[in-house]
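Colleague: Please see the structure below; I have some questions.
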């Protein structure tokens, strides 16, 4: 995997190193101004740590919900259409990753960290498709991310299914002559 450099600036590199924490996470405070010379998706990555992941990790460390040996391997922000957002860490992260692997895999089987080198896509479970998400996964060498903040995808899919059923019935009835010219004329008068 090609080495990714988020910046060419030594000042920004120092800024990042000051915030890097043992346990593979970046402690970006709400008041921190994120450097503007970051490349690629690094700015988005740091903003997500700033607004969602770092505050949750700090909260859980302070309350003893995470121990001092905590290592972040996955983080996920879930934004439902209504209600509070949820931050998930590590094994709490839910969804389906599409990866290409060179080993036998059975449906529902575990994804190994090494499998994420060939990451292609990630989506939420069906029961959460109405929520938006931002998901980060550690692949052993760096972070990979996926996001989709569209809301109402499950509802939309349900409505499309009903529309297709309606279309199928209309085609079936049309083929049986149920919608004759006489019927068409009476409907036009209404």
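Colleague: Would you list the P(r) distribution for the range 10-152, with all Cα-Cα distances sorted into 5 Å bins from 0 and each bin expressed as a whole %?
Modeller: Over the range 10-152, the share of Cα pairs per 5 Å bin runs 2, 9, 18, 21, 20, 16, 10, 4, 1, 0 percent.
Colleague: Oh, and also: Which of 135, 12, 63 comes first, and how do the rest follow, when ranked by fewest Cβ neighbours within 10 Å?
Modeller: 63, 12, 135
Colleague: Please list, in order, the residues from the range 124-142 whose amide nitrogen is less than 17 Å from a point placed 7 Å along the Cα→Cβ vector of residue 20.
Modeller: It comes to 138-142, nothing else.
Taken together, the values in this text are just the output of simple stated rules run on the coordinates, not laboratory data. The shown structure was predicted, so the numbers you read here are calculated from the model rather than taken from an experiment. Cβ atoms come from the backbone with ideal geometry, glycine included; neighbour counts cover every protein chain shown.
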